1. Which one of the conditions (1) within 30 Å of Leu23 (Cα to Cα); (2) under 15 Å from the mean Cα position of the chain (by Cα); (3) crowded, with 24+ Cβ neighbours inside 10 Å; (4) of a type outside the set (Phe, Trp, Tyr) does Leu184 fail to meet, given that it meets all the rest?
2. Is it the case that some residue within the range 203-220 is of a type in the set (Val, Ile, Thr) and surrounded by 20 or more Cβ atoms within 10 Å (Cβ to Cβ)?
3. Determine which single condition Ala293 fails, assuming it passes every other condition in (1) within 30 Å of Tyr339 (Cα to Cα); (2) aliphatic (A, V, I, L, M); (3) more than 20 Å from the chain's Cα centre (by Cα).
4. Return the pairs, sorted by first residue and then second, in which the second residue is open to solvent by 20 Å² or more (accessible area, probe 1.4 Å) and among the β-branched types (Val, Ile, Thr), the first residue lies in the range 92-106 and is touching a residue at least 40 places away in the same chain (Cβ under 8 Å), the beta carbons are less than 6 Å apart, and the residues are 6+ apart or on different chains.
5. In the range 128-181, which residue that is open to solvent by less than 10 Å² (accessible area, probe 1.4 Å) and assigned to a strand (DSSP E or B) is farthest from Lys338 (Cα to Cα)?
6. Since Ser78 meets every condition but one in (1) free of Cβ contacts under 8 Å to residues at least 40 places away in the same chain; (2) closer than 20 Å to Ala5 by Cβ; (3) of a type in the set (Gly, Ala, Ser), which condition does it not meet?
7. Please tell me if Glu110 is open to solvent by 60 Å² or more (accessible area, probe 1.4 Å) and part of a loop (DSSP other than H, G, I, E, B).
8. Check the range 240-261 and report whether any residue there is in contact (Cβ under 8 Å) with a residue 24 or more places away in the chain, farther than 21 Å from Thr307 by Cβ, part of a helix (DSSP H, G or I) and charged (D, E, K, R).
Amino acid sequence: MSSTAGQVIRCRAAVAWEAGKPLVIEEVEVAPPQTNEVRVKILFTSLCHTDVYFWEAKGQNPLFPRIYGHEAGGIVESVGEGVTDLKPGDHVLPVFTGECKECAHCKSEESNMCDLLRINTDRGVMLNDGKSRFSINGRPIYHFVGTSTFSEYTVIHVGCLAKINPLAPLDKVCVLSCGISTGLGATLNVAKPAKGSTVAVFGLGAVGLAAAEGARIAGASRIIGVDLNSNRFKEAKKFGATEFVNPKDYNKPVQEVIAEMTNGGVDRSVECTGNIDAMISAFECVHDGWGVAVLVGVPHKDAVFKTHPMNLLNERTLKGTFFGNYKPRSDLPSVVEKYMSKVQ
């Protein structure tokens, strides 16, 4: 791979030319990495619903043409000036939010909201010079959340790359770069259920299944899966879910159903849908006095969260998280090791 260092690479990428229109496989030019940047050969990338959401332009100011993708695994092809902790050949996971290691957030044990590299869905260029590293016949193609993994090669800020065990299968651990870590961390790092506690998980897609797995690892006694698709319940059992609720089966708000099931509400809830009604239900279903609800899903840009202030005054806690409060460079390698060692 070193033979391409410093040169423009021509490769294939799936380009979104317009909101909601089918992606087109195009030959793109990928410029060499600049200061604090890394060019990565993407070997595996998966489709996260967030890619679809922003491709539809439901959660951003429309910015096209663009290369989406943010859940992937690859190998470093070359590095730019100032990059010292990565070298060609290293196995890496790109992450949509970064870690500069120098700002107040990065130095805090409580936050992963890096001042420099936190997720920015509206920015389509690199921080170093405000330009894109992608082009087609001289026309710039915009980046997405600093990763753009729907390309055979991409350029990423070094702070948004986690160096991982080269023995880890990239086709498996690539999902740790977004959805799985987000759900797992939302439970273990943010909700922090005590052993024997009750947990409700709203939405049983990949993120929700990971949240349920986190509750299982924490030793929750009851893990209630909530989803409008009952077909998901069978799979959720494999990840620790013990009970299931389909809101469509009841003629009253699902938070009331859960409160009745749990003698006043669950100890913890994790919302993984992005649906504003599910967010409200997740908050209102936790027990007063000590209940904690964690919001994970990305809502519509015009969504408004409404609940009665007494729900807060009655000592329920509402929290939010990006990427499960994991710091990408510091924490993600250990999450990969948990997979490698098959932690139970």
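The values are calculated or read from the model by the stated rules, or taken from the named source; none is laboratory data. What you see is a predicted model; the values in this text were computed from it and never measured. Note: ideal-geometry Cβ built from the backbone for every residue, glycine included; neighbour counts use all protein chains shown. Accessible surface areas use protein heavy atoms only, side chains included; no ligands, DNA or RNA. Shrake-Rupley method; radii C 1.70, N 1.55, O 1.52, S 1.80 Å.
1. Of (1) within 30 Å of Leu23 (Cα to Cα); (2) under 15 Å from the mean Cα position of the chain (by Cα); (3) crowded, with 24+ Cβ neighbours inside 10 Å; (4) of a type outside the set (Phe, Trp, Tyr), only one is false for Leu184: (1).
2. Of the range 203-220, the ones of a type in the set (Val, Ile, Thr) are 207, 217.
Those still in the list that are surrounded by 20 or more Cβ atoms within 10 Å (Cβ to Cβ) too: 207.
Yes: one or more hits.
3. Unmet for Ala293, out of (1) within 30 Å of Tyr339 (Cα to Cα); (2) aliphatic (A, V, I, L, M); (3) more than 20 Å from the chain's Cα centre (by Cα): (3).
4. Close Cβ pairs satisfying both conditions: Phe96/Ile119; Thr97/Ile119.
5. Ile141
6. So Ser78 meets the others, but not (1).
7. Values: open to solvent by 60 Å² or more (accessible area, probe 1.4 Å): yes; part of a loop (DSSP other than H, G, I, E, B): yes.
It is true that Glu110 is open to solvent by 60 Å² or more (accessible area, probe 1.4 Å) and part of a loop (DSSP other than H, G, I, E, B).
8. No, the conditions are met nowhere in the range 240-261.
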